[in-house]
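Worksheet for the structure shown next.
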Amino acid sequence: MVNIRGLFIFSILILFISCGQVKKETNFTFIQNQEGVELLEGEQKVFFYQKAQVPVWENPAISKDALFNHYIHPLYSLSGDTITEAQPKDDIWHLHHRGIFWAWHQIFMGDSSLGDGWIMKNIRYDITNIKTVVHSDMAILDLKVNWVSFKNNQDLVFIKEHSIIKVYHSDLNKRIIDFEITLNSVIPTISIAGSKGEKGYGGFSTRIKLPDNTIFRSETGEVSPQMNQTSAGAWIDISHKDSLSGENKGLIIMASNNILNTQLQWILRRKNSMQNAVFPGVERYSIKQEKPLILKYRLVIHEREKLSVDTINQWYKEYISSVM
């Protein structure tokens, strides 16, 4: 005689186990302290957001009054390796580079310079609010930041930034992180621009480790980094084969539709520098009080598989669909 009750319980257990195999969710956890905010997925570190101000003393190009904060470092790979660099000790001229950051050399009120946000000359970031939220499928770091100029020994708040960083549950091959950066001008005639000269670098940037076998790819295939700006499409994959594991590892930077309606330019470097999705370039961009500037980017941390260009193009289409 069949034990109906036992069969029912056994069926429920099988269903429970099967569902667990189909969809396994890992909890996100935020840990805050005076230095900043760490995000973990399960027991694995995802990134650390640097809230506290950090001095850079060794770089002769930077004032000793300059303090650096409001950036992500370390950013970790899926296997727990540190991807980013900050204040790289083997690159004395770029100690102001700091993980994942967004900054501009030229910051003006009218025709008067307020300072330099790339090397933090006469500029300070005051973190006014940090909010963390965990959903079933993502973790959100919500930041409010005042940009302050102290050029004339008087604090002037001229930009109120609201940035949202979303981290989605990872799978075996990738982790997706979205950035939405909103810059609100609180006084008239504020404008920003990249570095002077042909390079014009400025905006969303990543300072990451670059092994000797690093390759750069874009929508049309492999890209060769140049001294000045490079037209390489809407995304860049920076990847290499790990010398120990033999696995392919990389970081994809995706930029949403260009606000200037021109072809997106990149500053790419093989060694000792950052990778930059250029915005707006050399010419100043005016941030209107009635219309904030909104910039959107996606990072995809990937490993194990060697991704095809077609696969990344499809991922980019999905990203653009999600932010339109």
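The values are calculated or read from the model by the stated rules, or taken from the named source; none is laboratory data. Model, not experiment: these values are computed from the prediction. So basically every Cβ, Gly included, is an ideal-geometry build from the backbone, and we count neighbours across all protein chains shown.
A few notes on this one:
- Residue-level analysis places Tyr297 among those that are at pLDDT 95 or above and out of contact with any Leu (no Cβ under 9 Å at 6 or more places or on another chain).
- When Gln87 is tested against the conditions (1) farther than 24 Å from Ile165 by Cα; (2) buried (at least 19 other Cβ atoms within 10 Å of the Cβ); (3) not small (Gly, Ala, Ser), the lone failure is (1).
- Taking segment 128-142 as the range and being surrounded by 16 or more Cβ atoms within 10 Å (Cβ to Cβ) and touching a Lys or Arg at 6+ places or on another chain (Cβ under 9 Å) as the test, the residues that pass are Ile130, Ala139, Ile140, Leu141.
Residues checked against (1) free of Cβ contacts under 8 Å to residues at least 12 places away in the same chain; (2) over 22 Å from Glu85 (Cα atoms); (3) not polar (S, T, N, Q):
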{"site": "Asn184", "(1), (2), (3)": "no, yes, no"}
{"site": "Phe216", "(1), (2), (3)": "no, no, yes"}
{"site": "Gln226", "(1), (2), (3)": "no, no, no"}
{"site": "Ile252", "(1), (2), (3)": "no, no, yes"}
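- Lone qualifier among Gly233, Gly197, Gly246 - being more than 30 Å from Lys144 (Cα to Cα), assigned to a loop (DSSP other than H, G, I, E, B), in contact with a strand residue (DSSP E or B) (Cβ under 6 Å, 6 or more places away or on another chain) and of a type outside the set (A, V, I, L, M): Gly233
- Boolean, Val145 is among the hydrophobic types (A, V, I, L, M, F, W, C), surrounded by 17 or more Cβ atoms within 10 Å (Cβ to Cβ) and assigned to a strand (DSSP E or B): yes
- Considering the conditions (1) outside any loop (DSSP other than H, G, I, E, B); (2) in contact (Cβ under 8 Å) with a residue 24 or more places away in the chain; (3) in contact with a strand residue (DSSP E or B) (Cβ under 6 Å, 6 or more places away or on another chain); (4) closer than 21 Å to Leu183 by Cα, Asn129 is excluded by exactly one of them, (2).
- Residues located in segment 152-172, provided they are touching a strand residue (DSSP E or B) at 6+ places or on another chain (Cβ under 6 Å) and exposed (fewer than 15 other Cβ atoms within 10 Å of the Cβ): Asp155, Val157
- Residue list for segment 32-51, filter: among the small types (Gly, Ala, Ser) and either under 18 Å from the mean Cα position of the chain (by Cα) or at pLDDT below 95 (or both): Gly36
- If only residues of segment 209-229 that are surrounded by fewer than 18 Cβ atoms within 10 Å (Cβ to Cβ) and of a type in the set (Gly, Ala, Ser) are counted, the one that is nearest to Arg270 (Cα to Cα) is Ser224.
- Residue within segment 238-246 that is out of contact with any Pro (no Cβ under 8 Å at 6 or more places or on another chain) and of a type in the set (Lys, Arg) present: yes
- Segment 212-230, residues that are of a type in the set (Asp, Glu) and either touching a Pro at 6+ places or on another chain (Cβ under 9 Å) or assigned to a loop (DSSP other than H, G, I, E, B) (or both): Asp212, Glu219
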